[in-house]
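J.: Take this structure, written in structure tokens, and hold onto it; I'll ask about it next.
The values are calculated or read from the model by the stated rules, or taken from the named source; none is laboratory data. None of these values were measured; they are calculated from a predicted model. Note: ideal-geometry Cβ built from the backbone for every residue, glycine included; neighbour counts use all protein chains shown.
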Amino acid sequence: KNLGAMLRQIQGVLVPLKLLVVDKRTLEKSWKMMDKVVKLCQHPKMNLRNSPPFILDILPDTYQHLRTICAKHEDKLQTLNECEYFRTFIENLMNKCKNTTKLFRDGKDKMYDENSHYRRNLTKLSLVFSHMLAELKAIYPSGVFAGENFRITKGDAADWWKKSFGDKIIIPWKEFKGRLHESHPIGSPLEAMALKSTIDLT
């Protein structure tokens, strides 16, 4: 068991992670995936209520904001690919769309039952999409990157972030958890999982 874990760690170091490349094709693919989710949610039997988080508003708004960002970078899409935050956002957006499509595929007719487990999961995903959109608008207001102006409002938290991560606005969960544990020990794996599910949006 220990040898297997060690080999996986070595493999993780030796095999570079396959990074998503943000280009016109990738962006168009993400838009098609969002469109597919919207069409699934528009099924008359879904009878979605127009109350927050309302996925039928959130995904079209996300699409529009991404179009605005792309329009501002029309001749320099490469700069979007070079931005770690934007690359991570698009990758996670596509993953969340895949998760939502799979939910419909697995849930079948149970998706039409408002009290079903599948429907509750759709509400959770809608909330994640909502947070992702709010974050995208905050970091790309008017379609232009403003991450360097993004500030944590609570003084202690801002100081801790600056000391731990400098000017970074996005960091891997493992690194965040390690730094947090140094100053605020995380009691148990369950506590760590609860924390991750609360903040791991983008």
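J.: Can you find a residue that is in contact with a helix residue (DSSP H, G or I) (Cβ under 8 Å, 6 or more places away or on another chain), more than 23 Å from T68 (Cβ to Cβ), not hydrophobic (A, V, I, L, M, F, W, C) and not in a helix (DSSP H, G or I) anywhere in the range 115-135?
T.: yes
J.: Right, next: Going through L93, L103 one at a time, which residue ends up being part of a helix (DSSP H, G or I), closer than 17 Å to S30 by Cβ and touching a helix residue (DSSP H, G or I) at 6+ places or on another chain (Cβ under 6 Å)?
T.: L93
J.: Turning to a different aspect of this structure: Return yes when D167 is in the same structural domain as F54 (by TED's automatic domain parsing) and either within 30 Å of L56 (Cβ to Cβ) or exposed (fewer than 12 other Cβ atoms within 10 Å of the Cβ) (or both) and no when it is not.
T.: Against the criterion (in the same structural domain as F54 (by TED's automatic domain parsing) and either within 30 Å of L56 (Cβ to Cβ) or exposed (fewer than 12 other Cβ atoms within 10 Å of the Cβ) (or both)), D167 does not qualify.
J.: Sort out which residues of the range 28-40 are within 17 Å of D109 (Cα to Cα) and in contact (Cβ under 8 Å) with a residue 24 or more places away in the chain, and write them in order of number.
T.: The answer is V37, L40.
J.: Go through (1) modelled with pLDDT under 90; (2) loosely packed, with under 14 Cβ neighbours inside 10 Å for R179 and report which single condition fails.
T.: (2)
J.: On to the next question. Quick one: which residue in Y112, Y118 is free of Cβ contacts under 8 Å to residues at least 40 places away in the same chain, over 19 Å from the mean Cα position of the chain (by Cα) and surrounded by 11 or more Cβ atoms within 10 Å (Cβ to Cβ)?
T.: Checking each option against the conditions leaves just Y118.
Per-residue answers, yes or no, for (1) at pLDDT below 95; (2) under 15 Å from C41 (Cα atoms); (3) of a type in the set (F, W, Y):
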position	(1), (2), (3)
N92	yes, no, no
T101	no, yes, no
E114	yes, yes, no
L133	no, no, no
I139	yes, no, no
H184	yes, no, no
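J.: Taking the range 54-78 only, how many residues are free of Cβ contacts under 8 Å to residues at least 12 places away in the same chain and assigned to a helix (DSSP H, G or I)?
T.: Residues in the range 54-78 being free of Cβ contacts under 8 Å to residues at least 12 places away in the same chain and assigned to a helix (DSSP H, G or I): 4 in total.
J.: Taking the stated definitions as given, is F129 in the same structural domain as T62 (by TED's automatic domain parsing), of a type outside the set (S, T, Y) and over 19 Å from H73 (Cβ atoms)?
T.: Yes, satisfied.
J.: Within the range 124-136, does at least one residue satisfy the condition of being surrounded by 15 or more Cβ atoms within 10 Å (Cβ to Cβ), in contact (Cβ under 8 Å) with a residue 24 or more places away in the chain and over 14 Å from the mean Cα position of the chain (by Cα)?
T.: Scanning the range 124-136, I find no residue that is surrounded by 15 or more Cβ atoms within 10 Å (Cβ to Cβ), in contact (Cβ under 8 Å) with a residue 24 or more places away in the chain and over 14 Å from the mean Cα position of the chain (by Cα), so the answer is no.
J.: Next question. Give me the residue from the range 149-166 that is among the small types (G, A, S) and assigned to a helix (DSSP H, G or I) and, out of that set, farthest from the chain's Cα centre (by Cα). Steps first, answer last, please.
T.: Quick first cut of the range 149-166, residues among the small types (G, A, S) only: 155, 157-158, 164, 166.
Remaining after also requiring assigned to a helix (DSSP H, G or I): 155, 157-158, 164.
Numbers: G155: 26, A157: 22, A158: 22, S164: 22 Å.
Selected residue: G155.
J.: Also, I was wondering about something else. Mind listing just one residue for me: the one in the range 34-90 that is at pLDDT 95 or above and among the acidic types (D, E) and, of those, nearest to the chain's Cα centre (by Cα)?
T.: Within the range 34-90, the match that is nearest to the chain's Cα centre (by Cα) is D61.
J.: Only residues in the range 142-162 that are touching a residue at least 40 places away in the same chain (Cβ under 8 Å) count as the first member; pair them with residues that are exposed (fewer than 11 other Cβ atoms within 10 Å of the Cβ) and outside any helix (DSSP H, G or I), Cβ under 9 angstrom, at least 6 apart or cross-chain, and list the lot.
T.: G147/D167
J.: While we're on this one: Which members of the range 167-185 meet the condition of being over 22 Å from the mean Cα position of the chain (by Cα) and part of a loop (DSSP other than H, G, I, E, B)?
T.: From the range 167-185, those over 22 Å from the mean Cα position of the chain (by Cα) are 181-185; that's our starting set.
Result: H184, P185.
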